[in-house]
Amino acid sequence: MKKQGTSNDTNRKMHIRFQNETSIEGSGALASSIRPLKRKRRPSRPHLEKIGGMDKQVRDFISSYVQLDHKRLQLVRTSNSEILQSDTPSVSIVNLKRLNDVRDLNHFLYHTNQQLESDGIFIGCVETKYFRKKRILKKYPFGVNYSLVFADYVFKRVLPKLPVSREIYRTISRDRDKAMSKTEALGRIFAAGFQVIDHKVIGGLLYIVARKVKAPLFDHEKRYGLIFRMRRQGKNGKPIHVFKLRTMHSYSEFIQQYVYEQNNLAEGGKLKNDFRVSPWGRIVRKYWLDELPMLLNLLTGELKLVGVRPLSAHYLSLYSDELKQLRLQHKPGLIPPFYADMPKTIEEIQDSEMRYLQAHAKQPFLTDVQYLAKAFWNIVVRRARSK
């Protein structure tokens, strides 16, 4: 009885609804007689909200560097560089997808650079390994969290860098949710032809603002591995590649000037508060073990046993023009005069090298023997250590 009453009520409502409608013959009579319901128009939402929205702090930070309603602003959440293609160069590109989840990140940053106009702004975000560890420790109970941190380190940091397991890791992870240091994130962006102008931590993510200043420097090559090669200047300005044991995070070589501009030099000529150096790298550097692979360069004849240190282009730019010209006349060495004189400032380092080169020009063999003996005394007997 309840079902029948419900059916009668429904029929009565339908009769009242259509009793005043004009009857039209044909199979489309009912469809023609029903007036389409008018949908309420929702106010248009900003593009930011269409792609997931963002925290107010993030919005304020981004809007302080780019004009969010600009016609040539590309605001995306993607790992596909093809989405960035446009007929006209963009003034700004903001990608809200974490760099950790972008596949072939170097390739993506390369195309981002190509799509931007000169001095264009790129803004991206990354979860650094520090905040990744902090998130895991907070999410899981004590004991379990540290076990997961260790497992995450092995799977996300070690396996991707070993030649044997690299491709296996990429197949399993699809190159997503990468564990990435602050150094690597900044280094990749600098290598893509950008200059970092600001960065800020918001909600466990590091947001990076960068300006396009030149064409990309890399060729999509991944810079991992325990032993790596550094491009240096040899005799007569000939480029050489020096082997070293990795003590810094990947892509650190691209931000040497950036770290120098931020922190300047410490005692001994090293960069002050150099966050690029890994914890184990500080131990290796203390005993100069990172320079052992340079023995390969000694065997190939690119280096000699005693001589001035092969320097990066940025560090060499800090030297006087006179010393730079004098260095070109000599082959760099494995054991520099630094170990003999132990200078503390950049000026003292230059004076030390100048004295060595001038003495070596007069008495090459005797000078090398004297400096080798002094270096041996300082390192073995006096136990001098690198900082």
Task: Burial ordering of LEU206, LEU271, LEU303, fewest other beta-carbon atoms within 10 Å first - done: LEU271, LEU206, LEU303
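Starting with the fewest neighbours, write out MET180, MET294 ranked by other beta-carbon atoms found within 10 Å of each beta-carbon. Before the final figure, lay out the partial values.
Numbers: MET180 24, MET294 21.
Starting with the residue having the fewest Cβ neighbours, the order is MET294, MET180.
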Open item on the list: So for each of 186-195, 149-158 I average, over its residues, the number of other beta carbons within 10 Å; can you give me the resulting order with the highest mean first?
Closed with: 186-195, 149-158
Task: Qualifying aspartates and glutamates (Cα of each under 13 Å from Cα of LYS238; at least 8 residues distant if same chain) - done: GLU302
Open item on the list: So for each of 115-126, 340-351 I average, over its residues, the number of other beta carbons within 10 Å; can you give me the resulting order with the highest mean first?
Closed with: 115-126, 340-351
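Tally the DSSP beta bridges in the stretch 227-381 and give the antiparallel ones as a percent, rounded to 5. Mind showing how you got there, number by number?
On the way: 9 of 11 bridges.
Among the beta bridges of the stretch 227-381, antiparallel pairing accounts for roughly 80 percent.
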Task: Cα gyration tensor shape of the stretch 162-266, rounded if a/c is under 1.5, else prolate or oblate by comparing a/b with b/c - done: oblate
TODO: Translational diffusion coefficient, Stokes-Einstein: compute it for the stretch 241-387 using the Kirkwood radius over C-alpha pairs as Rh, at 10 °C and 1.306 mPa s, and state it as an integer in µm² s⁻¹.
DONE: 99 µm²/s
Task: Taking VAL284, VAL380 and counting other C-beta atoms within 10 Å, the order from fewest to most - done: VAL380, VAL284
Task: Solution diffusion estimate, µm²/s, Stokes-Einstein, the stretch 125-216, Kirkwood Rh from C-alpha pairs, 25 °C, viscosity 0.890 mPa s - done: 167 µm²/s
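Values quoted throughout were computed directly from the atomic coordinates according to the rules given, and no laboratory measurement underlies them. Only a predicted model underlies this, so the values are computations on that prediction, with no experimental measurement involved. For neighbour counting, all protein chains shown are included, and Cβ atoms are generated from backbone atoms with ideal geometry for every residue, glycine included.
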